[in-house]
1. Looking only at the range 46-56, count every residue that is surrounded by 17 or more Cβ atoms within 10 Å (Cβ to Cβ), in contact with a strand residue (DSSP E or B) (Cβ under 7 Å, 6 or more places away or on another chain) and touching a residue at least 24 places away in the same chain (Cβ under 8 Å) and tell me the total.
2. Search the range 102-121 for residues being touching a helix residue (DSSP H, G or I) at 6+ places or on another chain (Cβ under 6 Å) and at pLDDT 95 or above, and hand back the single one that is surrounded by the most Cβ atoms within 10 Å (Cβ to Cβ).
3. If PRO25 passes every condition in (1) over 30 Å from PRO117 (Cα atoms); (2) modelled with pLDDT of 95 or more but one, which one does it miss?
4. Looking at the range 145-156, is at least one residue within 26 Å of ASP35 (Cα to Cα), more than 24 Å from the chain's Cα centre (by Cα) and hydrophobic (A, V, I, L, M, F, W, C)?
5. What's the number of the only condition in (1) buried (at least 18 other Cβ atoms within 10 Å of the Cβ); (2) farther than 17 Å from PHE34 by Cα; (3) of a type in the set (Phe, Trp, Tyr) that PHE129 fails to meet?
6. Between a first residue in the range 133-162 that is touching a residue at least 24 places away in the same chain (Cβ under 8 Å) and a second residue that is charged (D, E, K, R) and part of a loop (DSSP other than H, G, I, E, B), which pairs have beta carbons less than 6 Å apart while being 6 or more apart in sequence or on different chains?
7. Could you pull out the residue among LEU79, LEU99 that is among the aliphatic types (A, V, I, L, M) and farther than 19 Å from PRO144 by Cα?
8. Only one of these conditions is not met by PHE98: (1) buried (at least 16 other Cβ atoms within 10 Å of the Cβ); (2) out of contact with any Phe, Trp or Tyr (no Cβ under 7 Å at 6 or more places or on another chain); (3) not acidic (Asp, Glu). Which number is it?
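The values are calculated or read from the model by the stated rules, or taken from the named source; none is laboratory data. Values in this document were obtained by computation on a predicted structure and should not be read as measured data. Reconstructed Cβ throughout: ideal geometry from the backbone, glycine too, with neighbour counts over all protein chains shown.
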Amino acid sequence: MRILATCLLALAVVSVAPARLAAQPAARISVQPFDGTVGPSLRQQITRLLRERGYRVVTSIARVEGTGQYLTLAKNHRLCAFVTGDLEERPRRHTVTFLVWDGASGSVLARWSASAPPKHLAKAVGKGFWKHLGPALDGAHAPPSNELPPAPPMRINAGQLD
């Protein structure tokens, strides 16, 4: 009897969870280009990790020079967050430092560095990205929109003509 009750509870949770996720629009996150020889492959990996978690990833925005531009870009592109990274390549060890910037405030929500030999950097990033940066990405917010919602239909009572 306990097994049947546990199975029914698990089935109920699984069937309700996708409905809740489908009701919420996917958050849009920009992954900025990374410098270095392994930068493009690292960017692809981060993009894939984000898409697997249901985020809509924007890769068409070029890397910005100053951090003050994040607020304007976030508002124009309806972005919740930016993921940036600095890559330091040495012969025996590469180090990448990721920053997650909030779209609404433009402040840094999280910072994480991974260091490994060049052949193992992708594995180190894949292993620790969600553990260290996932909560910050989940807490990121898009700036408020200037667009007005559609107006409700207007009904005019013209009255009766006598």
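1. Of the range 46-56, the ones surrounded by 17 or more Cβ atoms within 10 Å (Cβ to Cβ) are 46-47, 49-50, 55.
Imposing the further condition that a residue be in contact with a strand residue (DSSP E or B) (Cβ under 7 Å, 6 or more places away or on another chain) reduces the set to 46-47, 50, 55.
Now narrow it down to the ones that are touching a residue at least 24 places away in the same chain (Cβ under 8 Å): 46, 50, 55.
The qualifying residues number 3.
2. Taking the candidates together, the pick is ALA114.
3. So PRO25 meets the others, but not (2).
4. Within the range 145-156, not a single residue is within 26 Å of ASP35 (Cα to Cα), more than 24 Å from the chain's Cα centre (by Cα) and hydrophobic (A, V, I, L, M, F, W, C).
5. Of the numbered conditions (1) buried (at least 18 other Cβ atoms within 10 Å of the Cβ); (2) farther than 17 Å from PHE34 by Cα; (3) of a type in the set (Phe, Trp, Tyr), the odd one out for PHE129 is (2).
6. Taking only residues 6 or more apart or on different chains, the pairs are ALA142/ARG78.
7. Every option except LEU99 fails the conditions.
8. Here PHE98 meets the rest and fails (2).
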